[in-house]
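Q: Take this structure, written in structure tokens, and hold onto it; I'll ask about it next.
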Ligand SMILES: [Zn+2]
Ligand SMILES: [Zn+2]
Ligand SMILES: [Zn+2]
């Protein structure tokens, strides 16, 4: 299995438009973060997690030529607003793309992007998607996928586990019921927005506490804002933990 971090930025992306801070003006390419999204390659199939507003540039940068399924974590704009970019893959693959998410997420996507699901809306081209509601373990192309309920502020959203890799893109808390599903991980990819507290995301300190509790073999932090300098923070992080960068690849 190959894990490709397409984007590891928070909702504004880094650099943030108009910002002249040290990170936003950094010349280190690893401080440039597109909106959070993940690609899982397994059995020559590409499973995408979320359709970020940067999906087009992420696909071009990483030479992604097909998308065999999409998993949605939740419906915040930074995770779904690239959904229309799936059209390009429909054109190439000549088939519909199966999409998965919680009942709430799938219903909200149908509402927010009603043109996609409206048979009377013709012309302009629209993505051809087949929506599936999931609530427990399912299998895609031979890979077991487990949706896991996590807290994102006062919202309950999905994280996903692929074999022994878990991806918690937007997270401020893990319900006790979900913790057993996050034991014995080879890799934990976890939200760590910034240094300061935030009501809907773990800060670095909170993310490190989760790592201490769950004890994955390796942890990578994602969904970062413009407060965290890639080199500076990585120098100080404990062994087995590190910041992500766009285009980061992990073979499991
Ligand atoms: Zn987000
Ligand atoms: Zn900035
Ligand atoms: Zn969110």
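Every number in this text was worked out from the coordinates using simple rules, so none of it is lab data. The model shown is predicted, which means the values in this text are computed figures rather than measured ones. We place every Cβ from the backbone using ideal geometry, glycine too, and count neighbours over all the protein chains shown.
Q: Return the residues of the stretch 1-25 that are touching a helix residue (DSSP H, G or I) at 6+ places or on another chain (Cβ under 7 Å) and surrounded by fewer than 22 Cβ atoms within 10 Å (Cβ to Cβ); say none if nothing qualifies. Lay out the reasoning, then the answer.
A: Pass one, the stretch 1-25, residues touching a helix residue (DSSP H, G or I) at 6+ places or on another chain (Cβ under 7 Å): 6-7, 11, 14, 23.
The answer is 11, 23.
Q: Out of (1) in a helix (DSSP H, G or I); (2) over 17 Å from the mean Cα position of the chain (by Cα), the odd one out for residue 207 is which?
A: It fails just one condition, (2).
Q: Condition first: closer than 17 Å to residue 15 by Cα, part of a strand (DSSP E or B) and touching a helix residue (DSSP H, G or I) at 6+ places or on another chain (Cβ under 8 Å). Now tell me which residues in the stretch 213-241 satisfy that.
A: Residues satisfying the conditions do not exist here.
Q: Restricting the stretch 26-47 to residues that are touching a helix residue (DSSP H, G or I) at 6+ places or on another chain (Cβ under 8 Å) and away from ligand 2 (no atom under 16 Å from the Cβ), which is nearest to residue 227 (Cα to Cα)?
A: 36
Q: Another one. Take the stretch 101-134 and flag every residue that is in contact with a helix residue (DSSP H, G or I) (Cβ under 8 Å, 6 or more places away or on another chain) and not in a helix (DSSP H, G or I).
A: Here is the first cut: in the stretch 101-134, the ones in contact with a helix residue (DSSP H, G or I) (Cβ under 8 Å, 6 or more places away or on another chain) are 101, 109-110, 112-113, 116-117, 121, 125-129, 131-133.
101, 113, 121, 125, 126, 127, 128, 129, 131, 132, 133, listed by residue number.
Q: More than 16 Å from ligand 3 (Cβ to nearest atom) and touching a strand residue (DSSP E or B) at 6+ places or on another chain (Cβ under 9 Å): which single residue out of 136, 88, 95 fits that description? Outline the logic, then answer.
A: Details: 88 fails: touching a strand residue (DSSP E or B) at 6+ places or on another chain (Cβ under 9 Å); 95 fails: touching a strand residue (DSSP E or B) at 6+ places or on another chain (Cβ under 9 Å).
So the residue among 136, 88, 95 that is more than 16 Å from ligand 3 (Cβ to nearest atom) and touching a strand residue (DSSP E or B) at 6+ places or on another chain (Cβ under 9 Å) is 136.
Q: Filter the stretch 216-252 for residues that are surrounded by fewer than 21 Cβ atoms within 10 Å (Cβ to Cβ) and either at positive phi or within 16 Å of ligand 1 (Cβ to nearest atom) (or both) and give the result.
A: Across the stretch 216-252, the qualifying residues are 227, 240, 247.
Q: For the stretch 26-58, name all the residues that are assigned to a helix (DSSP H, G or I) and buried (at least 23 other Cβ atoms within 10 Å of the Cβ). Working first, answer last.
A: Our first condition is that a residue be assigned to a helix (DSSP H, G or I); within the stretch 26-58, this holds for 29-31, 55-58.
Of everything in the stretch 26-58, those that are assigned to a helix (DSSP H, G or I) and buried (at least 23 other Cβ atoms within 10 Å of the Cβ) turn out to be 31, 55, 58.
Q: Could you please give the count of residues in the stretch 154-175 that are out of contact with any strand residue (DSSP E or B) (no Cβ under 7 Å at 6 or more places or on another chain) and surrounded by 24 or more Cβ atoms within 10 Å (Cβ to Cβ)?
A: 0
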